[in-house]
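The values are calculated or read from the model by the stated rules, or taken from the named source; none is laboratory data. What you see is a predicted model, and the numbers here were worked out from it, not measured in a lab. Every residue, glycine among them, receives a Cβ derived from its backbone with ideal geometry; neighbour counts consider all protein chains shown.
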Amino acid sequence: MSAIDVNAVGSEAAKKIIEILTGAGKDVVSYAQIEGKKLAQSAAEIAQLRLTGQITDAEMKLHIRIQKNASISVLMAIKGISKIAVEQAINAALKIIGTAVKGATGLPFPV
Amino acid sequence: MSRLAKLPLIVLLVLLSGCITLMSPYDEKFDQLASDLQRKVSTQIEAIDGADAPDCLYASNKAFYDDARVDASALAVRAASHELNSETIRQVEALTDSINTFEELHKSASNATPARCMSSMELSPIRRAFDQTLGAIIKLEVAKKRGK
């Protein structure tokens, strides 16, 4: 049985985690920016509709409710995609660690 | 056994189990249903936008809301059938509420004196919001493929 280089394996696992989370983070930021602009545009349009008397106060509240639901859906997508990224990062790190342990000990880690 | 003492055991179990799962698997049928509903809503908004009274009024379009609610209910059932799917379940709840709220807006315009068609300007934020709501639902579902 050969020794496991804990520092090297730990470093490689950490690098993989950072790589995956950074990639996912960039995608999420880009998505959030695009969707945030759309919500702002819709809010401006709704305000304009009310200011020009095209809709009532009650209708404005209903419009805002639909926008709130859109923002919930977008935020839930961001949360879910982030969870998937964390899952992938952990699993990639476990694969690296498992491969190292298997190589050093011969134990059949499922990697 | 203290929580700290259990930690190495937990780490070992995680290693032995191979991999962890934090989100439900991809559901192709759910993805298809959501995409179909997105098209249906989009088509309906376009139809209302271009129509004159009485075609644009709520009474002529009531069937759409009932139909959309049935589709949203089917989405809710599929979403709830998976473990680790709370985000998608919340998205479908938001979608269902938006369908009901859109219906309220449509009724309100049709019940005005005189009855009025919803204007393009009024439909613009609604169209965008449904695109965002359903787009986000589809985006999350597709992400569950996990690069496969």
Residues within the stretch B:94-116 that are charged (D, E, K, R) and either crowded, with 23+ Cβ neighbours inside 10 Å or closer than 14 Å to A:Gln67 by Cα (or both), tallied: 1
Report, ordered by the first and then the second residue, all pairs with beta carbons closer than 8 Å, sequence separation of six or more or different chains, a first member in the stretch A:71-99 that is over 16 Å from B:Glu87 (Cβ atoms) and in contact (Cβ under 8 Å) with a residue 40 or more places away in the chain, and a second member that is part of a helix (DSSP H, G or I) and not aliphatic (A, V, I, L, M). A:Ala89/A:Lys16; A:Ala92/A:Lys16; A:Ala93/A:Lys16; A:Ile96/A:Glu12; A:Ile96/A:Lys16
Among the residues of the stretch A:57-96, what is the count of those that are aliphatic (A, V, I, L, M), under 18 Å from A:Glu19 (Cβ atoms) and either in contact with a strand residue (DSSP E or B) (Cβ under 6 Å, 6 or more places away or on another chain) or more than 7 Å from every other protein chain (Cβ to nearest Cβ) (or both)? 5
Here the residues within the stretch B:109-141 that are in contact with a helix residue (DSSP H, G or I) (Cβ under 8 Å, 6 or more places away or on another chain), of a type in the set (Val, Ile, Thr) and over 22 Å from B:Thr43 (Cβ atoms) are none
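So, A:Leu39, is that one among the aliphatic types (A, V, I, L, M) and under 24 Å from the mean Cα position of the chain (by Cα) or not? Talk me through it step by step, then tell me what you get.
Values: among the aliphatic types (A, V, I, L, M): yes; under 24 Å from the mean Cα position of the chain (by Cα): yes.
In short, yes.
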For the stretch B:30-148, which fully contained helices (runs of 4 or more DSSP H) count at least 2 residues that are at the interface with chain A (Cβ under 9 Å from one of its Cβ atoms), closer than 23 Å to A:Met60 by Cβ and not polar (S, T, N, Q)? B:86-110, B:120-143
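Could you tell me which residue of the stretch B:17-29 is surrounded by the most Cβ atoms within 10 Å (Cβ to Cβ), considering only residues that are out of contact with any helix residue (DSSP H, G or I) (no Cβ under 8 Å at 6 or more places or on another chain) and within 13 Å of another protein chain (Cβ to nearest Cβ)? Spell out how you get there, then give the answer.
First pass over the stretch B:17-29, keeping only residues out of contact with any helix residue (DSSP H, G or I) (no Cβ under 8 Å at 6 or more places or on another chain): B:17, B:25, B:28.
Those still in the list that are within 13 Å of another protein chain (Cβ to nearest Cβ) too: B:17, B:25.
Working: B:Ser17: 11, B:Pro25: 14.
The residue in question is B:Pro25.
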Considering only the stretch A:61-70, how many residues are buried (at least 16 other Cβ atoms within 10 Å of the Cβ) and more than 28 Å from the chain's Cα centre (by Cα)? 1
Which residue out of A:Gln41, A:Gln54, A:Gln48 is outside any helix (DSSP H, G or I), facing chain B (nearest Cβ under 9 Å), surrounded by fewer than 18 Cβ atoms within 10 Å (Cβ to Cβ) and at pLDDT 95 or above? A:Gln54
